[in-house]
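The values are calculated or read from the model by the stated rules, or taken from the named source; none is laboratory data. Everything numeric here is computed off the predicted structure, so don't read it as measured data. Glycine gets a Cβ as well: all are built from the backbone with ideal geometry, and neighbour counts include every protein chain shown.
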Amino acid sequence: MITELGHFALILAFAIGILQMIVPMVGAHKGWRGWMAFAEPAATSQFILVSFAFAALTWAFVTSDFSLRLVYLNSHSAKPLIYKISGVWGNHEGSMLLWILILTLFGACAAWFGGYLPAPLRARVLAVQSAVTVAFYAFILFTSNPFLRLETPPFDGQDLNPLLQDPGLAFHPPFLYLGYVGLSMSFSFAVAALIEGKVDAAWGRWVRPWTLAAWLFLTIGIALGSWWAYYELGWGGFWFWDPVENASFMPWLLAAALLHSAVVVEKREALKSWTILLAILAFGFSLLGAFIVRSGVLTSVHAFANDPERGVYLLIILGIFLGGALTLYAARAGEMEAKGVFSTVSRESGIVLNNILLAVSAFVVFIGTIWPLFAEMIVGRTLSVGAPFFDAAFTPFFIAIAIALPLGSMLAWKRGSLSRVARPLRGVLLVSVALAALAYAIQSGNSAVGPVGVALGAWVVLGAVTDVWQRTGREGFGKRLARLRRLPRADWGKTVAHAGLGVTIFGVAAITAWQIEDIRVAEIGDRWAVGQFEVELRQIEQAQGPNYVTTLATMAVWKGDREVVVLTPEKRFYPVASMPTTEAAISNGILRDLYLVIGDPQVGGGYAVRTYIKPFANWIWGGAMFMALGGLISLSDRRLRVAAGARRPDAVPAE
């Protein structure tokens, strides 16, 4: 009964969404305040109804209601509770319901916290947001209904994909979706502004917190996915340039560009057309990601579905919204007149350079991701574009971003001076070069990746610190320290986020340049050297988990005569899904990770064993968390939550 009520709630939300798509838009066009006011209760109602539908589906998973087709296909009675819950979105239909839940959440938040917006703009934003939601209501109800019943309920289910039965993957999709779907608000603001024909400083201020929130969640989601791939898949890497990984990375790059360009709109009323275009493209790439994950056109370990027919519907949604928004942009872009004028050397020019590099980086990733599909369609050949292409094509642009970041963020608005900015950065440059030289002197081998990464990371981190210190004036240390404490949170957020990027750059370069790898066949009692450590395979035993059997290895790591740690890597097998997984054992540290993997038994005896020493691995995800923390600090700045000088409008009586 609860399931049927959830299905009915979703249909009712669909009907309300259609009304919200039409009524406020007509009201804004005609100036009918009562019609415009309809958007707010409608947005709240949609969120409540979809929340109930999502809760009903979750209840079916928790109680193992195998009469529901989706539960039968993606759950099992012996599965731990956390994975029963995460099984709700660990499949195509449930993940689309989560997508819709977040769409309605952002729409409701715009209704709840949009009191400072002009009534016509708020009505149009909520109408466009509802139009996006209606498209996905139709998609899920007509092609991907999660509430379908089975005529004869089976005794038990087929279990969730074992790769998804992991804490990292339990939390990774919700955060990623909050980022993906959060960009729909930027899209809605952009389309509403095009319909209204007005983009000004207030619009730039209003669109920033929504973009910042989406970028923040996307950062956390990508970091969680990378961390999961690192410890769960057993291959020892943190990024594979997989199509689904790229599908989340491209919107992140464009959202970062949008955040910076929206600042120029707010401060200088320049880059209006470009900012609108970025808002459209950022959400367009989110929709492209949904298509890639669910259509089966590109193979990925992360894909939810392999259904080209449903992929066509997603492609239609992408074409309607992206094509429609770009058509409207082409018709209205000429009206987005820029008022601010700036010189070649200025903060605005630095942000333009930043935007160009980020956009081109996203385009490079897009070409590498989509090219195999085009090659198969046009040439008829199956091609693979792997990490070597992305490393060679993407890295130079990101190096340029890292070099330009401290300089651009310290330039003055309208007209700046490179010599004035370079003066306080001389010490930063000297320290960065000195650290690079030290890294080159102590490393083994002649790779330049490590030293260059050290220099770039130090340059970005110390540049961010210098930037915030320069904002305190030129008086005594005590007064500057007092001013430092009084700086706006947005300035602190920018500093923390930029420093986090520098930390991640260093972590990526360090693990790439200085990782030590050992692959061998070992028998019980064997002991071998890896770098400065020795590893001993002590024991192999079979064990039973909640819904799997496992081959459990006990391995000791020594440094000289001292036992450092005992690790237990696993090779699990899930009988219901008939699928093995690799569970790496990792001893985490600030300076290095010890990473052990046990493989299959070999024909001649012994087991395949992989040992890695990964220097500064955790700095990659630590830097990402710093970036997210910077976004959170900026989001807490009240200036980003309300328009400058705005007055809350009087209550609008319903007509």
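On the basis of being among the small types (G, A, S) and surrounded by 17 or more Cβ atoms within 10 Å (Cβ to Cβ), does A330 make the cut?
Judged against the criteria, A330 is not a match.
Across region 74-109, which residue is farthest from M185 (Cα to Cα) among those that are polar (S, T, N, Q) and outside any helix (DSSP H, G or I)?
Within region 74-109, the first condition is being polar (S, T, N, Q), and the residues that meet it are 74-75, 77, 86, 91, 95, 104.
Filter once more, keeping what is outside any helix (DSSP H, G or I): 75, 77, 91.
Details: S75: 33, S77: 39, N91: 25 Å.
Looking at residues that are polar (S, T, N, Q) and outside any helix (DSSP H, G or I), I get S77.
Out of all the residues in region 84-102, is one or more hydroxyl-bearing (S, T, Y), surrounded by 22 or more Cβ atoms within 10 Å (Cβ to Cβ), under 30 Å from G545 (Cβ atoms) and over 25 Å from the mean Cα position of the chain (by Cα)?
Among the residues of region 84-102, not one is hydroxyl-bearing (S, T, Y), surrounded by 22 or more Cβ atoms within 10 Å (Cβ to Cβ), under 30 Å from G545 (Cβ atoms) and over 25 Å from the mean Cα position of the chain (by Cα), which makes the answer no.
I need the full set of residues from region 1-47 which are over 31 Å from the mean Cα position of the chain (by Cα) and of a type in the set (S, T, Y), in order please.
T3
Of the residues that sit in region 313-330 and are among the aliphatic types (A, V, I, L, M), out of contact with any Phe, Trp or Tyr (no Cβ under 6 Å at 6 or more places or on another chain) and touching a residue at least 60 places away in the same chain (Cβ under 8 Å), which one is farthest from E93 (Cα to Cα)?
It comes out as L328.
What do you reckon, is V421 within 33 Å of the chain's Cα centre (by Cα) and under 23 Å from V352 (Cα atoms)?
In short, yes.
Of all residues in region 8-29, which are within 21 Å of L194 (Cβ to Cβ) and modelled with pLDDT of 95 or more?
Of region 8-29, the ones within 21 Å of L194 (Cβ to Cβ) are 20-29.
Matches in region 8-29: Q20, M21, I22, V23, P24, M25, V26, G27, A28.
Could you please give the count of residues in region 446-479 that are in contact (Cβ under 8 Å) with a residue 24 or more places away in the chain, surrounded by fewer than 17 Cβ atoms within 10 Å (Cβ to Cβ) and of a type in the set (G, A, S)?
Looking only at that region, the number is 1.
Yes or no: region 274-291 includes at least one residue that is surrounded by fewer than 22 Cβ atoms within 10 Å (Cβ to Cβ), among the aromatic types (F, W, Y) and either within 20 Å of L103 (Cα to Cα) or at pLDDT 95 or above (or both).
Taking every residue of region 274-291 in turn, at least one turns out to be surrounded by fewer than 22 Cβ atoms within 10 Å (Cβ to Cβ), among the aromatic types (F, W, Y) and either within 20 Å of L103 (Cα to Cα) or at pLDDT 95 or above (or both).
Results for (1) among the aliphatic types (A, V, I, L, M); (2) under 25 Å from the mean Cα position of the chain (by Cα); (3) at pLDDT 95 or above, shown as yes or no for each residue.
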| residue | (1), (2), (3) |
| --- | --- |
| E151 | no, no, no |
| Y180 | no, yes, no |
| F189 | no, yes, yes |
| V199 | yes, no, no |
| G204 | no, yes, no |
| T219 | no, yes, yes |
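All but one of (1) touching a residue at least 60 places away in the same chain (Cβ under 8 Å); (2) within 30 Å of L456 (Cβ to Cβ) hold for L373; state the number of the condition that does not hold.
For L373, the exception is condition (2).
Answer yes or no: is there a residue in region 467-476 that is touching a Phe, Trp or Tyr at 6+ places or on another chain (Cβ under 8 Å), of a type in the set (V, I, T) and at negative phi. Working first, answer last.
First, pick out the residues of region 467-476 that are touching a Phe, Trp or Tyr at 6+ places or on another chain (Cβ under 8 Å): 468.
Still in the running and of a type in the set (V, I, T): 468.
The next check asks that each one be at negative phi; those that pass are 468.
For region 467-476, residues touching a Phe, Trp or Tyr at 6+ places or on another chain (Cβ under 8 Å), of a type in the set (V, I, T) and at negative phi: present.
Can you name every residue in region 112-131 that is small (G, A, S) and either within 20 Å of the chain's Cα centre (by Cα) or crowded, with 23+ Cβ neighbours inside 10 Å (or both)?
Residues of region 112-131 small (G, A, S): 114-115, 119, 123, 127, 130-131.
Correct list: A123, A127, S130.
In this structure, is I540 out of contact with any Leu (no Cβ under 6 Å at 6 or more places or on another chain), in a strand (DSSP E or B) and surrounded by 15 or more Cβ atoms within 10 Å (Cβ to Cβ)? Please lay out each step first, then the result.
On the way: out of contact with any Leu (no Cβ under 6 Å at 6 or more places or on another chain): yes; in a strand (DSSP E or B): yes; surrounded by 15 or more Cβ atoms within 10 Å (Cβ to Cβ): yes.
Here the answer is yes, as I540 does meet what is asked.
Give the number of residues within region 116-142 that are part of a helix (DSSP H, G or I) and either among the aliphatic types (A, V, I, L, M) or touching a Cys at 6+ places or on another chain (Cβ under 6 Å) (or both). Give the derivation first.
Of all residues in region 116-142, those part of a helix (DSSP H, G or I) come to 119-142.
Adding the requirement that they be either among the aliphatic types (A, V, I, L, M) or touching a Cys at 6+ places or on another chain (Cβ under 6 Å) (or both) leaves 119, 121, 123, 125-128, 131-132, 134-135, 138, 140-141.
Selection size over region 116-142: 14.
Could you grab me the full set of residues in region 116-156 that are closer than 30 Å to R205 by Cα and charged (D, E, K, R)? Explain how you work it out, then say what you get.
In the first step, residues of region 116-156 are kept if they are closer than 30 Å to R205 by Cα; the result is 116-136.
Result: R122, R124.
Considering only region 393-428, state which residues are farther than 23 Å from A257 by Cβ and touching a helix residue (DSSP H, G or I) at 6+ places or on another chain (Cβ under 7 Å).
Residues satisfying the conditions are P424, L425, V428.
Looking at (1) surrounded by fewer than 16 Cβ atoms within 10 Å (Cβ to Cβ); (2) in a strand (DSSP E or B); (3) without any contact (Cβ under 8 Å) to a residue 40 or more places away in the chain, which is the only condition V521 fails?
In the conditions (1) surrounded by fewer than 16 Cβ atoms within 10 Å (Cβ to Cβ); (2) in a strand (DSSP E or B); (3) without any contact (Cβ under 8 Å) to a residue 40 or more places away in the chain, V521 misses (3) alone.
Each row is one residue, and each column tells you yes or no for (1) touching a Leu at 6+ places or on another chain (Cβ under 9 Å); (2) free of Cβ contacts under 8 Å to residues at least 24 places away in the same chain.
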position: G34; (1), (2): no, no
position: F47; (1), (2): yes, no
position: V50; (1), (2): yes, no
position: V62; (1), (2): yes, yes
position: D65; (1), (2): no, no
position: I85; (1), (2): no, no
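If you check every pair at least six apart or on different chains, which have Cβ atoms under 7 Å apart with a residue in region 387-410 that is under 18 Å from V454 (Cβ atoms) first and a residue that is buried (at least 17 other Cβ atoms within 10 Å of the Cβ) and acidic (D, E) second?
P406/D467
Confirm whether D159 is among the acidic types (D, E) and on the phi > 0 side of the Ramachandran plot.
On the way: among the acidic types (D, E): yes; on the phi > 0 side of the Ramachandran plot: yes.
For D159, the condition - among the acidic types (D, E) and on the phi > 0 side of the Ramachandran plot - is met.
Here are some residues: G234, G225. Which one is assigned to a helix (DSSP H, G or I) and in contact (Cβ under 8 Å) with a residue 24 or more places away in the chain? Before you say what the answer is, go through the steps one by one.
Working: G234 fails: assigned to a helix (DSSP H, G or I).
Residue meeting the stated conditions: G225.
Within region 50-66, track down each residue that is out of contact with any Asp or Glu (no Cβ under 9 Å at 6 or more places or on another chain), assigned to a loop (DSSP other than H, G, I, E, B) and among the polar types (S, T, N, Q).
T63
How many residues are loosely packed, with under 14 Cβ neighbours inside 10 Å and either closer than 30 Å to G157 by Cβ or touching a Cys at 6+ places or on another chain (Cβ under 6 Å) (or both) when one looks only at region 558-614?
Total meeting the criteria: 3.
Kindly provide the set of residues from region 413-430 that are of a type in the set (G, A, S), surrounded by fewer than 15 Cβ atoms within 10 Å (Cβ to Cβ) and touching a residue at least 40 places away in the same chain (Cβ under 8 Å), ordered by number. It would help to see each step written out before you state the result.
Here is the first cut: in region 413-430, the residues of a type in the set (G, A, S) are 416-417, 419, 422, 427.
Within this subset, residues satisfying the condition of being surrounded by fewer than 15 Cβ atoms within 10 Å (Cβ to Cβ) are 417, 419, 422, 427.
If the condition is that a residue be of a type in the set (G, A, S), surrounded by fewer than 15 Cβ atoms within 10 Å (Cβ to Cβ) and touching a residue at least 40 places away in the same chain (Cβ under 8 Å), then S417 is the only one that fits.
Taking region 36-75 on its own, how many of its residues are surrounded by fewer than 18 Cβ atoms within 10 Å (Cβ to Cβ) and touching a Phe, Trp or Tyr at 6+ places or on another chain (Cβ under 8 Å)?
1
Before we move on, is G623 within 30 Å of V460 (Cβ to Cβ) and surrounded by 15 or more Cβ atoms within 10 Å (Cβ to Cβ)?
Values: within 30 Å of V460 (Cβ to Cβ): yes; surrounded by 15 or more Cβ atoms within 10 Å (Cβ to Cβ): yes.
Yes.
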